[in-house]
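What follows is a single structure, written as structure tokens, with notes after it.
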Amino acid sequence: MENVRLLKLFVTFFKIGLFTIGGGYAMIPLIERDIVERNSWIDKKGFVDLLAVAQAAPGVFAVNISTFIGHNLRGLRGAVAAAVGCVAPSVMIILAIALFFNRFREYEIVNNIFLGLRPAVVALIAAPVFSVAKSARINRTNVWIPVLSALLIVTFGVSPVYVIMVAIVGGVLWGHIQERRGM
Amino acid sequence: MLYLELFYTFFKIGLFGFGGGYGMLSMIQGEVVTRHGWMTMAEFTDIVAVSQMTPGPIGINSATYVGYTAVINAGGCVPYAVAGSIIASFAVMLPSFVLMLFVARCFMRYSKHPRVEAVFEVLRPTVVGLIASAALLLMNSSNYGSPSADTLQFAVSVAITVAAFVALKIYKVSPLLILLAGGLFGALFYGVVGC
């Protein structure tokens, strides 16, 4: 584990940053593929825990995830390599657009590319629902939790932040109940 | 002086911006357009559109673009604007970076504690709900076209989503290839059909 090279960390997250289109959630399948399956830098259960922590923390989701994985592999320097790798494509592409293609949205072909791209992004975000559900051990007793969370967010417009906060409070109470039962 | 203000503003956004990129956008708008008047609402709307269309986290994309535009609008030349964009991007990621380093250290130490494990037993299923809601919220008419007005676009878009899902889940095609195929298909199909 300690032998993961900083350059490899940087390049892996650079690639993930480059293909994250439509916000942080779109990077979940890319991380699953590159970090969990191909390199086994984090196991499936650890990945779900990381998603929970990255959601509960403020700031940019992608930075949270890359910092955590980088730190676990190579400490502070690993965290810097992963986080900088993850944001470098964004900064470079946005600067290029600001400098040279200020009107790039007006090109017909750009618009057409995105008409094809966006429905594909939706599939990329929908797919991890099932793999993460498996790692999160969804069963008959706890399936109401994801259903209720999604319902609150989609139908009632509740912010995911509040959903996470309520879940944390619920978890603390759950731990308390378990401890009492244990005694 | 503008650099300092940019740094402070985006540091604050990174520290208090909960809920990922989309949640941060309203906060960025409040600070950048309403409070500081660094740009007009129309300019900000363009920045949001470009941030959503280009690769990378939306929070970073918009910080980079806002940093650049704010310096240009204040009369700065291009090299100063590039510096402004780097300062804004650095400032927005700094709080989460430091916080996550701290979390990573504590997490390694306490993750086996039964009380912490109990919290994660509830958090893990919740995350499943959050990802599902992110996918559901994206299934809207701005991404798919309306079923009645743009029937062709709607049908093609649904087909793309189904095909991408099957390719990813059943045939284990790489997500990168799926994105490239989606973009290429869009350019060819809509270029030929011309809608």
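Give the Kirkwood hydrodynamic radius (Å, one decimal) of the stretch A:140-183, defined as one over the mean of 1/r across all pairs of different Cα atoms. Answer for the stretch A:140-183: a Kirkwood hydrodynamic radius of 11.6 Å.
Computed as a quarter of the hull surface, the mean projected area of the alpha carbon convex hull for the stretch A:88-142 stands at 6.0 nm². Based on Cα atoms of chain B, Rg over Rh with Rh as the Kirkwood radius reads 1.05. To the nearest 10 degrees, how steeply does helix A:44-56 sit against the main Cα axis of chain A, on a 0 to 90 scale? That helix lies at roughly 80 degrees to the long axis. Each label was represented as a point 7 Å from its Cα along the Cα-to-Cβ direction; for B:Phe102 and A:Glu108 these points are 5.4 nm apart.
How do A:112-119, A:30-37 rank on mean C-beta neighbours within 10 Å, highest first?
A:112-119, A:30-37
When B:Trp38, A:Trp144 are arranged by Cβ crowding within 10 Å, least crowded first, meaning fewest neighbours, the order is A:Trp144, B:Trp38. Local charge for A:Gly85 was computed over the other residues whose Cβ lies under 14 Å away, with Lys and Arg +1 and Asp and Glu -1, and equals +4. Between A:Phe100 and B:Ala42, how high is the FRET efficiency from 1/(1 + (r/R0)^6) when r is the Cβ-Cβ distance and R₀ = 30 Å? Nearest 0.05. It comes to 0.90. Dividing the summed -39500 (n - 2.57) terms of all DSSP H runs of n ≥ 4 by the residue count of the protein assembly as shown sets its mean residue ellipticity at 222 nm at -26000 deg cm²/dmol. Over all pairs of different C-alpha atoms in the protein assembly as shown, the reciprocal of the mean inverse distance, the Kirkwood hydrodynamic radius, equals 21.3 Å. Based only on Cα atoms, what Rg/Rh ratio does the stretch A:6-137 have, Rh being taken as Kirkwood's radius? With Rh from the inverse mean 1/r over Cα pairs, Rg/Rh is 1.00.
The phi-based Karplus calculation (6.51 cos²θ - 1.76 cosθ + 1.60; θ = phi - 60°) puts the 3J(HN,Hα) values of the stretch B:45-55 at 4, 4, 5, 4, 4, 5, 5, 7, 7, 8, x Hz, whole numbers, x for Gly and Pro.
Counting Cβ atoms of other protein chains within 10 Å of each Cβ in B:75-85 and taking the mean gives 1.
Using every Cα-Cα pair within the stretch A:70-172, state what percent have a distance larger than 18 Å.
In whole percent, the share of Cα-Cα pairs in the stretch A:70-172 beyond 18 Å is 73.
Other residues with beta-carbon under 15 Å from the beta-carbon of B:Val158 carry, at +1 per Lys or Arg and -1 per Asp or Glu, a net charge of 0.
As a proxy for reagent exposure, ranking B:Tyr68, B:Tyr171, B:Tyr80 by other Cβ atoms within 10 Å from fewest up yields B:Tyr171, B:Tyr80, B:Tyr68.
Structure shown: which of A:Lys134/B:Lys169; A:Lys45/B:Lys169; A:Lys15/A:Lys134; A:Lys134/B:Lys172; A:Lys8/A:Lys134 lie over 24 Å apart, alpha-carbon to alpha-carbon? With Cα atoms farther than 24 Å apart: A:Lys15/A:Lys134; A:Lys8/A:Lys134. Taking amide H as placed 1.01 Å from N in the peptide plane, A:Ile21 has its amide H under 5 Å from the amide H of B:Gly56, each at least 5 places away in sequence or on another chain.
Taking the fewest neighbouring Cβ atoms within 10 Å as the starting point, the ordered list for B:Leu188, B:Leu6 is B:Leu188, B:Leu6. Across the stretch B:65-77, computed HN-Hα scalar couplings (Karplus, 6.51 cos²θ - 1.76 cosθ + 1.60, θ = phi - 60°) run 5, 5, x, 5, 5, 4, 5, 4, 5, 7, x, x, 8 Hz from first to last residue, x flagging Gly and Pro.
Values in this text are rule-based calculations from the coordinates and carry no lab data. As the structure is a computational prediction, the values presented were derived from the model and not from experiment. Please note: Cβ atoms are built from the backbone with ideal geometry, for glycine as well, and neighbour counts cover all protein chains shown.
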